[in-house]
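For reference, the structure is listed below as structure tokens.
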Amino acid sequence: MTVVVKVGGARAVDPEGALADVARLREQGSEAQSASGRSSGHGPREDVVVVHGGSTKVDETLERMGIEPEYVETPSGVVGRFTDAETMEVFEMVFGHLNTRLVAGLQSQGVDAVGLNGVDGKLLYGPRKSAVRVLEDGKKKIRRGDHSGTIERVNAELLESLLDDGYTPVAGPPMAGREASRASETSSGDEPRDSDDGEIVAVNTDADRSAAAIAGALEATLVLLTDVEGVYEDPDDPETLIGRVETPDGWATLEDAAEGFMGRKIMAVEEALEGGTPEAVIADANAEEPITSALGGAGTHVYASALATADQQEEP
């Protein structure tokens with residue numbers, strides 16, 4: 001089975017351990033395949049897709065340029081980056097740099113990695129959101145000029161062809177954003193209808209949710225590596241780590257426990273499971289052999305049954 005690994009962009013996350021672990025998984029998988037003439041389907045998973053973040057580096061670069069990063073809150077309470085045209089240029093520059101460094105790191109480990117962003121081959125594709133609804137001083141407002149998008153499609157065939165040829169894809173934002181054309185605009189003019197008409201532009205999208213979309217499209221296990229060991233019922237008590245989530249009650253506990261940045265990761269986990277992922281893991285990027293340990297049981301494991309059972313119970 002394929003594993004989609006998202007390497008976090010937080011300051012406290014060192015990607016070197018994850019890259020070395022990708023190399024081990026690829027080498028072990030290749031050895032197993034060579035011994036039998038084909039993949040046995042057992043043992044370490046040899047197919048890995050790496051997805052990377054980099055929001056922290058974007059903020060650092062903006063600050064060095066004397067630009068204050070801007071975050072906004074939606075009416076539903078989700079906090080996200082507001083990406084104006086200037087920020088988008090920095091975003092493209094920083095993410096391109098990070099992607100190249102990760103590819104070079106894997107190549108140094110003997111992994112034949114290929115760097116992609118979401119625009120390449122429309123790997124990540126959907127409408128641009130040029131206007132976003134925000135909450136300012138308790139009032140709902142519309143901010144225009146945003147360069148972000150919503151992923152509607154993943155070019156899974158592109159990734160599968162690379163994997164079949166023995167390559168390890170390293171992917172990240174930006175995504176291919178579809179600009180609204182006159183023929184496809186809504187009556188409000190804020191977002192395009194579900195149409196392929198319109199110019200394609202590079203726009204920002206969340207890296208965790210990008211990894212989730214890719215994992216769902218490939219029906220792959222999703223591993224979100226971050227700077228903590230998983231999700232805790234009490235964030236101040238490491239002994240309260242939530243190990244497995246398999247039921248609707250467990251899912252409710254997980255959602256209640258997800259605070260701050262972890263809320264976005266839980267949103268990504270939900271989208272991955274709904275998209276076809278059988279299992280999603282949130283685990284420590286700085287652990288020894290972080291991917292292997294996550295697949296072996298470390299971290300917080302969430303299974304499709306946590307959502308599927310809930311949906312079944314809601315049916316009349």
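The values are calculated or read from the model by the stated rules, or taken from the named source; none is laboratory data. Only a predicted model underlies this, so the values are computations on that prediction, with no experimental measurement involved. No Cβ is skipped: glycine too gets one built from the backbone with ideal geometry, and neighbour counts run over all protein chains shown. To get the accessible areas, we keep the full protein, side chains included, count just its heavy atoms, and leave off ligands, DNA and RNA. Shrake-Rupley method; radii C 1.70, N 1.55, O 1.52, S 1.80 Å.
The table that follows gives values for the structure above.
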{"read-out": "The range 218-249, residues that are in a helix (DSSP H, G or I) and surrounded by fewer than 19 Cβ atoms within 10 Å (Cβ to Cβ)", "value": "Pro238, Glu239, Thr240, Pro248, Asp249"}
{"read-out": "Options Thr292, Thr253; residue that is β-branched (Val, Ile, Thr), in contact with a helix residue (DSSP H, G or I) (Cβ under 8 Å, 6 or more places away or on another chain) and either part of a helix (DSSP H, G or I) or over 27 Å from Glu152 (Cα atoms) (or both)", "value": "Thr292"}
{"read-out": "Complete set of residues in the range 132-166 that are within 21 Å of Glu92 (Cβ to Cβ), more than 17 Å from the chain's Cα centre (by Cα) and of a type in the set (Gly, Ala, Ser)", "value": "Gly145"}
{"read-out": "Tally of residues being at pLDDT 90 or above and part of a loop (DSSP other than H, G, I, E, B) across the range 42-53", "value": "2"}
{"read-out": "Those residues of the range 106-142 which are among the small types (Gly, Ala, Ser), open to solvent by less than 40 Å² (accessible area, probe 1.4 Å) and at pLDDT 95 or above, in sequence order", "value": "Ala113, Gly115, Gly118, Gly126"}
{"read-out": "Count of the range 66-105 residues which are touching a Pro at 6+ places or on another chain (Cβ under 8 Å) and open to solvent by 50 Å² or more (accessible area, probe 1.4 Å)", "value": "1"}
{"read-out": "Residue that is nearest to Val3 (Cα to Cα) [pool: residues in the range 256-287 that are surrounded by 14 or more Cβ atoms within 10 Å (Cβ to Cβ) and of a type in the set (Asp, Glu)]", "value": "Glu279"}
{"read-out": "Pair list, Cβ < 6 Å and 6+ apart or interchain, from the range 240-269 residues that are touching a residue at least 60 places away in the same chain (Cβ under 8 Å) to residues that are open to solvent by 30 Å² or more (accessible area, probe 1.4 Å)", "value": "Glu246/Tyr303; Glu246/Ser305; Pro248/Thr309; Ala268/Arg209"}
{"read-out": "Cβ-Cβ under 8 Å pairs, at least 6 apart or on other chains, the range 104-124 side closer than 10 Å to Ala20 by Cα, far side in a strand (DSSP E or B)", "value": "Leu106/Val50; Leu106/Ala113; Leu106/Thr168; Leu106/Val170; Val111/Thr168"}
{"read-out": "Residue satisfying all of: in the range 69-102; of a type in the set (D, E, K, R) and over 23 Å from Lys140 (Cβ atoms); farthest from the chain's Cα centre (by Cα) among these", "value": "Glu86"}
{"read-out": "Only listed residue being outside any loop (DSSP other than H, G, I, E, B), among the small types (Gly, Ala, Ser) and at pLDDT 95 or above, chosen from Gly177, Gly145", "value": "Gly177"}
